[in-house]
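*Asks:* Below are the C-alpha cells for one structure; questions will follow.
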Amino acid sequence: SPQQAQECALRGQAVFTRIERLGKPTLAALNGFALGGGCELALACTLRIASSKARIGQPEVKLGIIPGYGGSQRLPRLIGKGMALEMILSGEPLSAEEALRWGLVNQVVAPEELLPAARNLLRKILANGPLAIRYCLEAVQQGMDQPLDQGLFLESTLFGMAFASEDMREGTRAFLEKRPPRFAGK
C-alpha cells in the first residue's frame with residue numbers, strides 16, 4: 001500500500017542516514033551492479049571506489065517509482081542537480097568511467113585492485129587524527145546544508161575544538177620530531 005511503501009522508505013532512509021552520520025569514514029567498494037538501493041547505499045558512504053566493471057544507477061523510473069532511500073536527495077548534492085536529474089529521469093546506469101567523470105565515485109580501478117585500493121585509501125585516512133577526521137566529516141556534512149556564513153562558523157568552531165585536543169599536540173610534536181604521530185583520539 002502507499003502507506004507501507006512510505007514506511008519502508010522511511011526505514012531505509014533512517015538506516016542510510018545512520019551510515020552517513022556515523023562520524024567515521026565509510027567507503028563503498030563497487031564491483032558490478034549498484035542500482036537503486038545499492039546506489040543509494042553507496043551515496044550514503046563517505047567515499048566510493050568502483051571497479052571498471054561497476055554499473056551505477058537509479059533505475060526506479062523504469063518500474064514506475066522513484067528512489068526511496070535518499071537517492072533523489074543525496075545524488076544532486078553529490079553530482080549536481082542537472083546530472084542527478086539526467087541519471088534519475090533516464091533510469092540508465094553509468095559505467096564506472098562515467099561515474100568518475102560525473103563525480104559519483106572517487107576512483108576507478110581494475111576489478112582485482114578494488115579491495116586493495118579501498119584498503120589503501122582507508123589506511124591513509126586512518127593514519128590521521130581520529131578527532132580531526134570526525135570534525136572534518138561534521139564540517140562538510142553539516143556545512144553543506146547551511147548558508148556559507150554558518151558553515152564557515154561551524155568550521156571555525158570545530159577548528160578551535162581540534163586545537164584543544166591531545167591529538168593536536170601529538171600531531172605537532174610528531175611533525176617537529178619528524179616521526180609518525182601516535183594519535184589517541186583525545
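*Asks:* May I ask you to list pairs of residues, at least six apart or on different chains, whose Cβ atoms are under 6 Å apart, with the first in region 100-115 being at positive phi and the second being basic (Lys, Arg) and exposed (fewer than 15 other Cβ atoms within 10 Å of the Cβ)?
*Replies:* Qualifying pairs under 6 Å: none.
*Asks:* Additional query: Looking for whichever is modelled with pLDDT under 95, within 29 Å of ALA28 (Cβ to Cβ) and of a type outside the set (S, T, N, Q) here; the options are PRO180, PRO93, PRO116. Which one fits?
*Replies:* Numbers: PRO93 fails: modelled with pLDDT under 95; PRO116 fails: modelled with pLDDT under 95.
From the options PRO180, PRO93, PRO116, the qualifying one is PRO180.
*Asks:* Quick test of your reading of the structure: ALA5 fulfils all but one of (1) closer than 24 Å to PRO130 by Cβ; (2) open to solvent by 40 Å² or more (accessible area, probe 1.4 Å); (3) at pLDDT below 95. Name the failing condition by number.
*Replies:* Going through the list (1) closer than 24 Å to PRO130 by Cβ; (2) open to solvent by 40 Å² or more (accessible area, probe 1.4 Å); (3) at pLDDT below 95, ALA5 breaks only (1).
*Asks:* Output yes when any residue across region 21-30 is under 26 Å from ALA127 (Cα atoms), part of a helix (DSSP H, G or I) and β-branched (Val, Ile, Thr), and no when none is. Outline the logic, then answer.
*Replies:* Start the filter on region 21-30 by keeping residues that are under 26 Å from ALA127 (Cα atoms), which leaves 21-30.
If we keep only those that are part of a helix (DSSP H, G or I) as well, we get none.
Checked region 21-30: no residue is under 26 Å from ALA127 (Cα atoms), part of a helix (DSSP H, G or I) and β-branched (Val, Ile, Thr).
*Asks:* Quick one: how many residues across region 94-140 are within 15 Å of PHE33 (Cα to Cα) and touching a Leu at 6+ places or on another chain (Cβ under 6 Å)?
*Replies:* Result for region 94-140: 1.
*Asks:* Related question: So how many residues does region 115-166 have that are in a loop (DSSP other than H, G, I, E, B) and open to solvent by less than 30 Å² (accessible area, probe 1.4 Å)?
*Replies:* Applying the first criterion (in a loop (DSSP other than H, G, I, E, B)) to region 115-166 yields 127-129, 144-147, 164-165.
Right, trim to open to solvent by less than 30 Å² (accessible area, probe 1.4 Å) and you get 129, 165.
Counting residues in region 115-166 that are in a loop (DSSP other than H, G, I, E, B) and open to solvent by less than 30 Å² (accessible area, probe 1.4 Å) gives 2.
*Asks:* Name the pairs whose Cβ atoms lie under 8 Å apart, with the first residue in region 10-33 and over 15 Å from PRO67 (Cα atoms) and without any contact (Cβ under 8 Å) to a residue 24 or more places away in the chain, the second outside any loop (DSSP other than H, G, I, E, B) and open to solvent by 80 Å² or more (accessible area, probe 1.4 Å), and 6 or more positions between them or separate chains?
*Replies:* Close Cβ pairs (under 8 Å, with a partner that is outside any loop (DSSP other than H, G, I, E, B) and open to solvent by 80 Å² or more (accessible area, probe 1.4 Å)) amount to GLY32/ARG55.
*Asks:* Further, regarding this structure: From the residues in region 167-186 that are open to solvent by 70 Å² or more (accessible area, probe 1.4 Å) and part of a helix (DSSP H, G or I), which one is nearest to ALA127 (Cα to Cα)?
*Replies:* Only one residue tops the list, namely PHE175.
The values are calculated or read from the model by the stated rules, or taken from the named source; none is laboratory data. The structure displayed is predicted, hence computed values, not measured ones. Virtual Cβ from ideal backbone geometry, glycine too; neighbours counted across all protein chains shown. Heavy atoms of the whole protein, side chains included, go into the accessibility calculation; ligands, DNA and RNA do not. Shrake-Rupley method; radii C 1.70, N 1.55, O 1.52, S 1.80 Å.
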